[in-house]
């Protein structure tokens, strides 16, 4: 049984699109003991590695990640990947297969106008399941970057199985999410909690703060990552006890891009 489906629940839409992958409820970070002046006192800074070298390493990692999600053109939803128009073909079909065999499926994706896609990058989820055994396993998706994918399943058990190919996001949606995720540092609101005698004082915190006020800087000696809080009046920086977060009411998705994540189903 083969299904090529495009489905995105409203809950997932809110969490992964509008809120850009951040939790919807405030989260306390005190139990992780982060954002202190010395998060790892047992791991002193290696004098052989300068902050500049660390920044270059981070930049190199981010550049490699960016290459995995190249920008894709988006003009209209009709030019994006359509599950209904795409075709999945079982390679070397047989009446029966043996346990341990590999099952290969060639997937050729098309847009909503029925035209072959000439690039890859679609977010696909391949699953094999056996309701009778209450068993399931993931398939391996190989992207040839030309609109063609090879989906491979290993037959781990005997009996009838169902195969499902789920189109989570078209490549244009993946590209839009990646751009929005990397744009700006104000999607999450950080609030620092400082102890002040028997009371507490709240202050704005973040990875980057644009403020002329005095800042408390909390440096991770191991990773050379800094976190900042606006220093409350007459309260030392060491009085920070924990940080809570909540989502800011902001999204970097363009209006047209949001049409990529409307909920609907297509079956092949």
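The values are calculated or read from the model by the stated rules, or taken from the named source; none is laboratory data. Keep in mind that this is a model prediction, so the values were computed, not measured. We place every Cβ from the backbone using ideal geometry, glycine too, and count neighbours over all the protein chains shown.
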Selection count where residues are exposed (fewer than 12 other Cβ atoms within 10 Å of the Cβ) and over 32 Å from the mean Cα position of the chain (by Cα), scope the stretch 82-97: 5
Would you confirm whether any residue within the stretch 54-70 is surrounded by fewer than 16 Cβ atoms within 10 Å (Cβ to Cβ), closer than 17 Å to residue 145 by Cα, modelled with pLDDT of 80 or more and in contact with a strand residue (DSSP E or B) (Cβ under 8 Å, 6 or more places away or on another chain)? no
Can you find even one residue in the stretch 144-159 that is surrounded by fewer than 16 Cβ atoms within 10 Å (Cβ to Cβ), under 22 Å from the mean Cα position of the chain (by Cα) and at pLDDT 90 or above? yes
Looking only at the stretch 180-196, filter to residues that are outside any loop (DSSP other than H, G, I, E, B) and touching a helix residue (DSSP H, G or I) at 6+ places or on another chain (Cβ under 9 Å); which one of those is surrounded by the fewest Cβ atoms within 10 Å (Cβ to Cβ)? 196
Mind checking which residues of the stretch 79-96 are over 17 Å from residue 126 (Cβ atoms) and assigned to a loop (DSSP other than H, G, I, E, B)? 80, 92, 93, 94, 95, 96
Only listed residue being at pLDDT 90 or above and either touching a helix residue (DSSP H, G or I) at 6+ places or on another chain (Cβ under 8 Å) or not in a strand (DSSP E or B) (or both), chosen from 118, 42, 11: 118
So residue 254, is it surrounded by fewer than 17 Cβ atoms within 10 Å (Cβ to Cβ) and part of a helix (DSSP H, G or I): no
Given the options 175, 164, name the one that is crowded, with 16+ Cβ neighbours inside 10 Å, assigned to a strand (DSSP E or B) and at pLDDT 90 or above. 164
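Conditions tested, residue by residue: (1) in a strand (DSSP E or B); (2) farther than 30 Å from residue 88 by Cβ.
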site: 222; (1), (2): no, yes
site: 232; (1), (2): no, yes
site: 242; (1), (2): yes, yes
site: 249; (1), (2): no, yes
site: 260; (1), (2): no, no
Out of the stretch 230-247, which residues are surrounded by 12 or more Cβ atoms within 10 Å (Cβ to Cβ) and without any contact (Cβ under 8 Å) to a residue 60 or more places away in the chain? 230, 231, 232, 235, 236, 239
Give 113, 106 a once-over and let me know the one that is part of a strand (DSSP E or B) and over 22 Å from the mean Cα position of the chain (by Cα). 106
Condition first: at pLDDT below 90 and out of contact with any helix residue (DSSP H, G or I) (no Cβ under 9 Å at 6 or more places or on another chain). Now tell me which residues in the stretch 199-224 satisfy that. 207, 208, 209, 210, 211, 212, 219, 220, 221, 222
Could you say whether any residue in the stretch 184-192 is free of Cβ contacts under 8 Å to residues at least 24 places away in the same chain and either closer than 30 Å to residue 251 by Cβ or touching a strand residue (DSSP E or B) at 6+ places or on another chain (Cβ under 7 Å) (or both)? yes
So which residues in the stretch 63-78 are touching a residue at least 60 places away in the same chain (Cβ under 8 Å) and in a helix (DSSP H, G or I)? 66, 77
